[in-house]
Amino acid sequence: MVDALSILSAIGSLGALASVISVAYWLGKKFSEIDAKFKLIDERFKRIDERFERLGNAFTSYQEFLIEFLSREGVIKSGDKELLINEARRVMRLALANPMTKEELEKLREYLDKSEKDELTPEEADEFLELARKFAWEYGNRPEAWKLHIYATITRALVKKKWAEKKEREVQASTQKQQ
């Protein structure tokens with residue numbers, strides 16, 4: 001009788017072990033399927049992120065072109081910049097959590113101050129726009145960040161217009177002296 005109980009016990013243990021192995025195999029297969037689906041989802045999100053990045057680049061480029069064009073055509077005047085300067089100063093408060101370097105933030109502030117006094121060179125205006133663009137990319141969910149970008153774009157357009165006019169006056173003055 002003991003032998004029969006031992007045999008039945010062994011058979012029961014083997015049956016339980018087989019059940020556990022079967023469930024483990026089934027779970028492993030299901031987890032593999034889930035993992036494969038997550039990999040597909042990750043790939044889709046990567047493609048979506050790439051599309052949004054292209055869209056962001058297109059929007060930024062369009063906005064810069066439009067603002068520069070309007071500034072050069074005199075639709076946006078240099079006197080209008082006070083409103084944008086105030087907005088830009090407000091957005092600088094966001095800088096505490098910004099991954100921009102302290103040097104970049106300080107340079108952005110410096111260019112903002114210089115732009116208020118019309119003291120930017122064309123090269124500085126270009127760098128100001130680059131920094132504002134980086135700021136807008138970081139804080140694109142905040143309208144103030146885009147206002148800073150608009151202001152920097154206007155500033156660059158007006159600085160380039162001012163320097164082109166200055167160069168033109170110098171050429172005219174030189175031509176008049178030669179006559």
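Out of the stretch 58-101, which residues are under 15 Å from the mean Cα position of the chain (by Cα), of a type in the set (A, V, I, L, M) and at pLDDT 75 or above? Within the stretch 58-101, Ala58, Met100 meet the criteria. Scanning the stretch 141-169 for residues that are among the charged types (D, E, K, R), in contact (Cβ under 8 Å) with a residue 60 or more places away in the chain and under 23 Å from Glu103 (Cα atoms) yields Lys147, Arg156. Annotation: Asp113 fulfils all but one of (1) of a type outside the set (Gly, Ala, Ser); (2) within 20 Å of the chain's Cα centre (by Cα); (3) surrounded by fewer than 17 Cβ atoms within 10 Å (Cβ to Cβ); the unmet one is (2).
Please indicate, with yes or no, whether at least one residue in the stretch 128-140 is out of contact with any strand residue (DSSP E or B) (no Cβ under 8 Å at 6 or more places or on another chain), free of Cβ contacts under 8 Å to residues at least 12 places away in the same chain and part of a helix (DSSP H, G or I). Break it down into steps so the answer makes sense when it comes.
Here is the first cut: in the stretch 128-140, the residues out of contact with any strand residue (DSSP E or B) (no Cβ under 8 Å at 6 or more places or on another chain) are 128-140.
Remaining after also requiring free of Cβ contacts under 8 Å to residues at least 12 places away in the same chain: 130.
Keeping just the survivors that are part of a helix (DSSP H, G or I) gives 130.
Yes, because at least one residue in the stretch 128-140 is out of contact with any strand residue (DSSP E or B) (no Cβ under 8 Å at 6 or more places or on another chain), free of Cβ contacts under 8 Å to residues at least 12 places away in the same chain and part of a helix (DSSP H, G or I).
Counting residues in the stretch 118-127 that are outside any helix (DSSP H, G or I), more than 16 Å from the chain's Cα centre (by Cα) and crowded, with 22+ Cβ neighbours inside 10 Å gives one or more.
The values are calculated or read from the model by the stated rules, or taken from the named source; none is laboratory data. Please read these numbers as outputs of a predicted model, since none were measured by experiment. Quick reminder, even Gly has a Cβ in these numbers, built from the backbone with ideal geometry, and neighbours come from all protein chains shown.
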